[in-house]
Amino acid sequence: MRAAVRLEGLTKSHGVGDGAVTALRGVHAVFPEGSFTAIMGPSGSGKSTLLHCAAGLDRAGSGRVVIDGVDISGLDETRLTEMRRKSTGFVFQSFNLLPSLTAEQNVALPLRLAGQHPDRAAVRAALARVGLVDKAGTRPGRLSGGQQQRVAIARALVTRPAVLFADEPTGALDLATGRELLSTLRRLCDAPVDDEHPEPPGTTTIIMVTHDPNVAAYADRVLFLADGLLVGELPRPTADAVAARVTDLTAVADRTGTGAAR
Ligand code: ADP
Ligand code: MG
């Protein structure tokens, strides 16, 4: 089993001195290539911090982050940026598309930012992976929320990253649209190569933060974070099993005064 991402003893504090907040207290985790992992935990447990550090968007305090075989901890800013552009894609709750650009132009942006001439085939292939080739020429304002988020996913995939990170990707979508989006994500792991568009990747590894058990149930496994530490793992999750575990963890956090209740 090859690891797409490996986290070793990851710590992270926000701020300095008396005002510093410890967000991660030593996180170890391995994300196998082609796996779909959901990260859950109470508000303030460090989910976003974990995702940002794992994706190289933020620097860890100590520990190691290895993405696609490269230890990013020691990279200077230039190399880190290169690594991030080449090997990672990131999707946020807000779609962050540029309204004046068409779907196709939005998807091509990461290639332009990397100084490449946008490869039309790569852009089309990324749109095909999320089922939106027919919307290539459409601007975000004329797309539904779900379609906009799928454009954001295509944009994250266009560089063929080893890992796709998603922080609450369905947070701004209604239930039915959210389900469609999750099916799209699920397919990226299950059927990475599309016969009609064999151009893009091999395997896509997905690491997704969510607070919704129904969303987490689309993943291969769920990792539970509480107060900056991984405290549990659930393989082959069902929404009910995830919800039960969340209730347990919240009860512990309330009793010990850690986590969201603090
Ligand atoms: P989650 O995504 O699980 O809600 P976060 O990773 O956003 O948790 O936050 C973890 C902890 O770090 C919280 O206590 C939060 O208040 C704190 N935190 C997050 N980002 C910052 C920041 N930029 N500055 C100061 N504190 C922060
Ligand atoms: Mg968060």
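The values are calculated or read from the model by the stated rules, or taken from the named source; none is laboratory data. From a predicted model like this one, the values you see are computed outputs, not experimental measurements. Ideal geometry is used to build each Cβ from the backbone, glycine not excepted, and the neighbour counts take in all protein chains shown. Just so you know, the surface numbers come from the protein's heavy atoms only, side chains and all, with ligands and any DNA or RNA stripped out. Shrake-Rupley method; radii C 1.70, N 1.55, O 1.52, S 1.80 Å.
Return yes or no: is residue 43 open to solvent by 60 Å² or more (accessible area, probe 1.4 Å), in contact (Cβ under 8 Å) with a residue 60 or more places away in the chain and within 16 Å of ligand 1 (Cβ to nearest atom)?
Yes: the conditions hold for residue 43.
Only residues that are within 16 Å of ligand 1 (Cβ to nearest atom) and under 21 Å from residue 66 (Cα atoms): list them for the stretch 12-40, please.
12, 13, 23, 24, 25, 26, 27, 29, 37, 38, 39
Mind checking which residues of the stretch 221-238 are open to solvent by 40 Å² or more (accessible area, probe 1.4 Å) and part of a loop (DSSP other than H, G, I, E, B)?
Residues satisfying the conditions are 236, 238.
Determine which member of the set 48, 73, 87, 43 is of a type in the set (Ser, Thr, Tyr), modelled with pLDDT under 95 and within 16 Å of ligand 2 (Cβ to nearest atom).
43
Only one of (1) among the aliphatic types (A, V, I, L, M); (2) touching a Pro at 6+ places or on another chain (Cβ under 7 Å); (3) without any contact (Cβ under 8 Å) to a residue 60 or more places away in the chain is not met by residue 91, so which one is it?
So the condition that residue 91 fails would be (3).
Among the β-branched types (Val, Ile, Thr), in contact with a Leu (Cβ under 8 Å, 6 or more places away or on another chain), over 20 Å from residue 205 (Cβ atoms) and open to solvent by 10 Å² or more (accessible area, probe 1.4 Å): does that describe residue 11?
So residue 11 fits the description; yes.
If only one of 140, 118 is more than 24 Å from residue 208 (Cβ to Cβ) and open to solvent by less than 30 Å² (accessible area, probe 1.4 Å), which one is it?
Values: 140 fails: more than 24 Å from residue 208 (Cβ to Cβ).
Of 140, 118, the one residue that is more than 24 Å from residue 208 (Cβ to Cβ) and open to solvent by less than 30 Å² (accessible area, probe 1.4 Å) is 118.
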